[in-house]
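To start, the structure under review is shown below, and the notes come after it.
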Amino acid sequence: MKQFFQNVQSLLGLFILVSFTMIACNQYADGSKKVAYGKNSVYYKGDATEADAKKLGDYLRAGGKYFDDSNECSVMVEKHNGAFTAKLVVDSAKIKSAADLKDDTYNFIAGELSRDVYEGKAITVEVTDGNFKTLKTYYAKGS
């Protein structure tokens, strides 16, 4: 009987450890949290909510605009003092410098995200490397 209780105690401890690990894995060292879309991820932090992240992820997934299952891709949305920032990761192997970025494209994306995702609110779009280090910043004033 003693062995039975030891086994139950071991299993309970393992269950608690696995449960804690699963919860902790959804929050990262920088305080961000993650919503997964297949191979793609939307991280969110600051005052941004899971709903804000899902709005961005749903939009980027619709029609394969940015997310598809052929490539692994991550973005981040932050919200501070009511202002949104979307961080879009680019393949830094293809970008030698910020001058290689197509300003018209990212200005269009900023305007589209403001209008279609965040209800006409101003938004900052940061093009980043895989560690979310900013390469170039774009703005949409909102409507």
13 Å beta-carbon shell around G82, net charge (K/R +1, D/E -1): -2
Nearest-0.05 FRET efficiency for T134 and D104, computed from C-beta distance (R0 22 Å): 0.70
Cα lying deepest toward the dipole's positive end in the stretch 57-143, options L101, Y139, Y59, charges on Cβ: Y139
Segment A83-K54, length gained on full extension (0.36 nm per residue, minus Cα span): 8.7 nm
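Values quoted throughout were computed directly from the atomic coordinates according to the rules given, and no laboratory measurement underlies them. It should be emphasised that the depicted structure is a prediction, and the values quoted were computed from it without experimental measurement. Every residue, glycine as well, gets a Cβ built from its backbone with ideal geometry; the counts of neighbours run over all protein chains shown.
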